[in-house]
Structures are given as structure tokens and as C-alpha cells.
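The values are calculated or read from the model by the stated rules, or taken from the named source; none is laboratory data. Quick caveat, the model's predicted, so the values are computed rather than measured. Reconstructed Cβ throughout: ideal geometry from the backbone, glycine too, with neighbour counts over all protein chains shown. Just so you know, the surface numbers come from the protein's heavy atoms only, side chains and all, with ligands and any DNA or RNA stripped out. Shrake-Rupley method; radii C 1.70, N 1.55, O 1.52, S 1.80 Å.
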Amino acid sequence: MKTKSHQKGPGRTLFSALAVAASLSLALTGCGGGDPDAEGSANGGSSDAGEPQAGGELTVLLDAGFAGGWATGLDPATSNTVGANLPQSIAIYGGLFALEADENGENAEVVPDQAESYEFSEDGLTLTVKLREGITFSDGTPLNADAVVWNWIRALSSGSTGAPQLELDLEREMPDLDQQFLDDLYAALPEDVDHAVIEQRLGAIQAVDDLTFEIHFDVANGAFVNAMPATSLNAIASPTAYKEMGGEEFSRAPVGAGPFTVEANQLSERLDLKKNEEYFKEGLPYLDELSFQSVGGDQVLYQTLQAGQGDVIEGLSSVTLIKQAQDNPQLTTTLGAPTSPYVIQLNTRKPPFDDKKAREAIYYATDFETINDGLFDGQGDMTQSFTASGGLFHEPEVEGYREYDPEKAKELVEELGGLTVELGTTDIVTARQVTTALQTQWREVGIDVKIDSVPLGDVITKFTSGEWESMLQTAGAWEPAAGIGVGVRFGSTSPFSGTPLPEGAETATQALEEGLNTELDDLLLDASATVDQQERGELYKEAAKMISDEAYGPMGMAFSPAQVVRKGVHGPGLTTPIPALTVNPGVLYDRVWVEQ
């Protein structure tokens, strides 16, 4: 069989339109995006810091509305907030793959990390991954192919809203497996799990030898490896530790093969980690201790940093505070490459937005340019599509896009006999500011607006119940088929989408079971199913036009939140930019260091 072999680079396989969906826990945040090389954006970064020094400790401050919330624990198979909790996950588990970039944030690429190499069959239906030899979990047990299979089956089968939806080849026969392996696997799955489904998945995901495993797909996809670092599949946990600890204790103090181990965990409050002395990368991590502290909102985050009670803010979104940080000689502020534009999602499955005129009225009533100027000092990266300048396949303009026109909006509202709208969002300061601005603009054209700003968990509940009308969120990612990408916001089977269901389907579950797609679904699947990058770009361009033509949701500014650290802290993703896989830039904590 002909193969294509990679030490690094894009892969082929398929996530469905649901793809990484809730593994990203659909967050929304915003900050002053901009050129990472601009003055003040990365002053004092790692490139000027000299040789890294070992030792020391670091406290990272996380917004309680996003990365600072891990109420469902840190077991990647059962957590509903894997994408939001990438900082904690990377620190504890490391990852099979990692997103790396040059020191200026350019030439970003997903590369093997705990994996040594990967290889795709010529038809793109089989992915073979070889692991690095000698990696052990912090409990001393091996990170081998059996451990990956155990983790992947759990990730797909444990009922998490973050479970990736993979198009696997389910016709393959399950190999003969050790009975103890099967007993341990089933003991780690929900009691009511369908054993027939598990056997099908074990046929599609198989260990070839101790360090090699294969995954067999039903449909090829050009985005699978690019998507990996933002999913639960990237975080490999110790099966032995899970068996010894049990599910509840493991979710609080999980055991991985990453650079740090868990010392203490107060859910959604504070996570204390210490250096993993058995980490497979020689000389790493540099830090002796790493802590994550949940803090409520940008203002308190910044005050806590200034008070010396923290060393790093991951994802500062307030432009005012970012400017203060850039002017503070005791701090280093790094602006990442923007990848995720704001979007006003409109639920076409219920009134009022089952009427296209109502959706068009929202487009014409929305002036994101003014919001960008007023709230973000014009620093936002304006786009009419789900792509942004920091990501792949950037298309800032869409032919036929409905731009701000209050007179047309008024006419449509009058034709509708009035329009009353509930606008929901995640309860963080920047989102509240944007929704308030939108409320003002919409009221000027006769739209009655009620704002519903709630915690992240409640936003997830609203989406999954279908009981919402409009939502201010973010759409897009460095790789459109990964992270909080276009399929999450506009794929018909995603629980976080309001686009119409496929013809013949009454629910998304029915559509998935019967393989029903909309025309937009097919476009997005085609775009992820080819490795021809030019073809992918054209298909995403066509999808952006369809979203615009059907008025599924107006797009706005794109941002990557700022990383703010005290002087003397250095590391990739903190003082050198890495594009965001979900919302916040990824940080490679094994290479973060502090001046002693």
C-alpha cells in the first residue's frame, strides 16, 4: 500500500460537522487583536531573554468565565470543557501533538510531540501513529499503544458533550484483545454503554504493536491532525491510575505523562502542580511548580497580577487594561494572531429567526465597525467570514454580504410587524460590552432586545436544549475544521448551531444516525476531506457565501486575547505568540521559565 509519511504537517481524516463541538466548550472572549510584532505587543519576549533557567514557580490567572472553570473535572474523557481547559490539560497530559510557531507567530504547524511520527494511507482512510519510545506516565506505567486505544475509546464513549464525532470504519472486525484490557476498559465506561458499539470502535482503532496504533476512517479528512491538539484525543491518561483511583478521584487528580503532576485541585478555584521528574524531555520542564488560579473577570485578573498574587494572565480581553499593561514597565504583553471572529448566531429552528426577514434585519441593524472603533480602539480584525488573518484560508470579504443599513433594517422590522429578540452571551466583561452596544444599535431600528448574560455552563445548557434565539459567540479557529470552528457554529448536527436541520430529520441525533446532511454540511465536509489546500480554501469561501446568503449569522471583529506576564517570565505562547486553537493562544508550559 502506498503511504504518505510525516514527521510533521497536515493530516487526512474526518471529523464530522459536529467535530470538536463541545470539547471546546464554546467560549467567547475578546481582546485587542493586532500585529504580534507591533510596538508593545511582545516587548521583552523570549527571543531577548537569554538562556532559559531551571527552577522557580509560577501562578497563572485564568478567567473564571472560561479557562478558569473546570467544574466537570480534568479527566479528558468526561470533562465538558476540554477546549477551555487546554492550559491545565497541556500541563498535566502534554499531548500526542502540539501546535508550534516561529517566535513571531508565523508558520504555525501541528507537529508530533508524544507521537514520534504519523503516516496516512494514499486514500487518506488509515492513520498510523508511532509513539516515542520510553515515555511513561508519572505513575511509572508506559504510555503505549494500548493506553492510547483505551483513552480514545473512553473519549468517544463516555457521554461527554466534548466527545469528538468521528466517521470511523465500523465494518472492521475487532481484534483478539486481552480480557484484562477489556475488563479495565468497560469498568472505565458508563454502565449502560452499548458493547456492540464499543466493539465496532475497537475494530476501527487498534494497536499494531507496543508503540504503534492505527485509526481507520470511513471518509478521508484533511484536518484531523490539525484538530488534534484542541481535542480530548490528544490528552492521554494513565489507565492504571484510573483503575486504582476510580473515576471521581481521577477527575480531580488525573495522572498523565505531561510536564507536571497534580498536587491539589479545588474545582474551578485553584489547581496546584509540581514538576514531573519522569518527564520524557530531558531538562524539562524548567519550572518546579505551576499553579492555575480562577479569577472573576478582567479587572480582578489585572488587579491580582499587579498585587503580586499571580505571574501570568492567560487571555486578557479588555482593551483598556491591555493598554495599561503595555505601558507598565513591570509587565510584558503579547498580542496573538487573531483567529476567532465574533458571530451573532441566529437560531433558525424557532421564532423569530425561522423567518429569513428577521435574520436579514439583524444583519442590516448591526454595525460591528462602530463597535470595533468604540470598544476596541479599532484594533479588531474585521471580517465577513468565519476566518481571520491569524488562521488558515483567510477571506475578509464575502460577495453579497449584507452590510450595516439601518433604513433597510427598519423596513424589515415594519414588514414583520415588530421584532423582539433575546440576545444571549457568556458572562464576561467584553461580551457584556458588545451585547450592550448591539442592544443600542438594534433598538434604534425598532428591535426590542433583552440581554441574557450567563455563566459558561448555562450557555452550554441553553445551546444543547435548543432554547435560545440569538447568541453572541466566537466562530472560527486557526484550522476552520478544528477548535470552535465553522462546523461547531454552523454544522446542522452540532449542538451549538442554529442552522436548519437536514430535510427529513426532526433532530440532530436522527440526522447523525441516518447520515443526513444539509448543503452547507456537505460543503464543510468536502472542505475537510481533501488535502488539496487550494481546494479547501475555495470550498470554505463557498461555505462563507452560503452562510451569508442565508443570513445565518453576521460576523464581526476577530481577536486573540492578550497574554500578560510579569517581567522575567518567558515561554512559547506567553511571550512569543502561538495562534489560538480555540480562543486563547496555546502555551507550551514545559518550556516556560522564570528568571531567578
Regarding Ala71, is this residue modelled with pLDDT under 95, part of a loop (DSSP other than H, G, I, E, B), of a type in the set (A, V, I, L, M) and buried (at least 24 other Cβ atoms within 10 Å of the Cβ)? no
Kindly provide the set of residues from region 314-362 that are in contact with a strand residue (DSSP E or B) (Cβ under 8 Å, 6 or more places away or on another chain), part of a helix (DSSP H, G or I) and among the β-branched types (Val, Ile, Thr), ordered by number. Ile322, Ile362
Note on region 436-452: residues open to solvent by 40 Å² or more (accessible area, probe 1.4 Å) and over 17 Å from Asn372 (Cβ atoms) are Arg443, Glu444, Gly446, Asp448, Lys450, Ile451
Just give me the residues in region 481-535 being under 18 Å from Thr387 (Cβ atoms), surrounded by fewer than 24 Cβ atoms within 10 Å (Cβ to Cβ) and not charged (D, E, K, R), in sequence order. Leu523, Leu525, Thr530, Gln533, Gln534
Being surrounded by fewer than 24 Cβ atoms within 10 Å (Cβ to Cβ) and over 28 Å from Met471 (Cβ atoms) narrows it down to one of Val594, Val569, so name that one. Val594
Do the conditions hold for Ser528, that is, is it assigned to a helix (DSSP H, G or I), among the small types (Gly, Ala, Ser) and modelled with pLDDT of 95 or more? no
Name the pairs: first residue in region 436-462 and at pLDDT 95 or above, second residue among the aromatic types (Phe, Trp, Tyr) and part of a helix (DSSP H, G or I), Cβ to Cβ under 6 Å, at least 6 apart or on different chains? Val449/Trp442
Return only the number of the condition from (1) open to solvent by 20 Å² or more (accessible area, probe 1.4 Å); (2) touching a Phe, Trp or Tyr at 6+ places or on another chain (Cβ under 6 Å); (3) on the phi > 0 side of the Ramachandran plot that Lys462 does not satisfy. (3)
Among the residues of region 346-366, are any in contact (Cβ under 8 Å) with a residue 60 or more places away in the chain, farther than 22 Å from Gly487 by Cβ and among the polar types (S, T, N, Q)? yes
Yes or no: region 369-380 includes at least one residue that is within 30 Å of Gln534 (Cβ to Cβ), open to solvent by less than 60 Å² (accessible area, probe 1.4 Å) and either free of Cβ contacts under 8 Å to residues at least 40 places away in the same chain or in a loop (DSSP other than H, G, I, E, B) (or both). yes
Exception for Gln299 within (1) more than 18 Å from Gln379 (Cβ to Cβ); (2) assigned to a helix (DSSP H, G or I); (3) in contact with a strand residue (DSSP E or B) (Cβ under 6 Å, 6 or more places away or on another chain) falls at (3)
Kindly list, by first and then second residue, each pair from a residue in region 383-394 that is closer than 19 Å to Ala551 by Cβ to a residue that is open to solvent by 20 Å² or more (accessible area, probe 1.4 Å), limited to pairs with Cβ atoms under 6 Å and residues at least 6 apart or on different chains. Thr383/Pro396; Gln384/Glu397; Gln384/Tyr401; Ser385/Glu395; Thr387/Phe393; Thr387/His394; Thr387/Glu395
Here the residues within region 77-95 that are assigned to a helix (DSSP H, G or I) and of a type outside the set (A, V, I, L, M) are Pro87, Gln88, Ser89, Tyr93
